[in-house]
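The values are calculated or read from the model by the stated rules, or taken from the named source; none is laboratory data. The structure displayed is predicted, hence computed values, not measured ones. With ideal geometry, Cβ positions are generated from the backbone for all residues, glycine too; neighbour counts draw on all protein chains shown.
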Amino acid sequence: MQILARLCISADGYVTTPDGWPPQVLDPVHGPGSHGVADFLQTVEAAVMGRTTFEPALTTDRWPWPGLQVFVLGSKRPEGTPDDVVFDDDPVRLLDRMRAANRGGDVHLIGGPSTIETFRALGVLDKLELVVLPFLVGSGMRLTDALSTSTGLDFESSRALAGGSVEIVYRVRPGTDPGLPLK
């Protein structure tokens, strides 16, 4: 089981729009499977995220993670949460529950910088995949203000995607000091 963080980031470095939505929702090519997500999900059997990322799914017409086991790092289980969604407020316990349920596939770490940093600090984040979108959003939440080479990210690959986006994949170096902050 690998834990893989994959998220879109605007050309000016934002992982959300000013109103908190993922920046890819502004992209005209956005849709199911766009931005390389269809290829990425081929090896994924589960998704893990923070409560803030999870809650909007409860008000959508379409469940965003069909066929995936869903794990949420959060202390409060929102009303309307499907029974099979696993909630835990302790990241180590949640990780243990993910490992116990795993059938050999990868886990998609969805979320904002703090959730990604939580799992990176535990030393369990295997890859950070960024899809750089070909537009600016002007403000929102940044993944990081400055990324030090001591965070242990090694460039692995890049490729052009439809619509002008570029996928950049970093492997998290084994043995990296998990106490070093990502941001």
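State whether the residues of segment 111-121 include one that is β-branched (Val, Ile, Thr) and either in a loop (DSSP other than H, G, I, E, B) or modelled with pLDDT of 90 or more (or both). Scanning segment 111-121 turns up no residue that is β-branched (Val, Ile, Thr) and either in a loop (DSSP other than H, G, I, E, B) or modelled with pLDDT of 90 or more (or both). Of all the criteria given as (1) farther than 26 Å from Leu122 by Cα; (2) surrounded by fewer than 16 Cβ atoms within 10 Å (Cβ to Cβ); (3) among the hydrophobic types (A, V, I, L, M, F, W, C), the one not satisfied by Val92 is (1). Going residue by residue through segment 171-180, is there one that turns out to be surrounded by 14 or more Cβ atoms within 10 Å (Cβ to Cβ), basic (Lys, Arg) and modelled with pLDDT under 85? No: segment 171-180 contains no residue that is surrounded by 14 or more Cβ atoms within 10 Å (Cβ to Cβ), basic (Lys, Arg) and modelled with pLDDT under 85.
Among the residues in segment 114-128, are any in contact (Cβ under 8 Å) with a residue 12 or more places away in the chain and surrounded by fewer than 13 Cβ atoms within 10 Å (Cβ to Cβ)? Checked against the condition, which is being in contact (Cβ under 8 Å) with a residue 12 or more places away in the chain and surrounded by fewer than 13 Cβ atoms within 10 Å (Cβ to Cβ), segment 114-128 yields no hits at all. The combined condition, being hydrophobic (A, V, I, L, M, F, W, C), touching a residue at least 24 places away in the same chain (Cβ under 8 Å), assigned to a helix (DSSP H, G or I) and under 22 Å from Ser165 (Cα atoms), is fulfilled by Phe40.
Suppose we keep only residues that are over 15 Å from Ser114 (Cα atoms) and more than 13 Å from the chain's Cα centre (by Cα) within segment 3-22. Which one would you say is surrounded by the fewest Cβ atoms within 10 Å (Cβ to Cβ)? So, considering only residues that are over 15 Å from Ser114 (Cα atoms) and more than 13 Å from the chain's Cα centre (by Cα), the one surrounded by the fewest Cβ atoms within 10 Å (Cβ to Cβ) is Asp19. Selection of segment 98-113 for residues being closer than 15 Å to Val86 by Cα and surrounded by fewer than 16 Cβ atoms within 10 Å (Cβ to Cβ) yields Arg99, Ala100, Ala101, Asn102.
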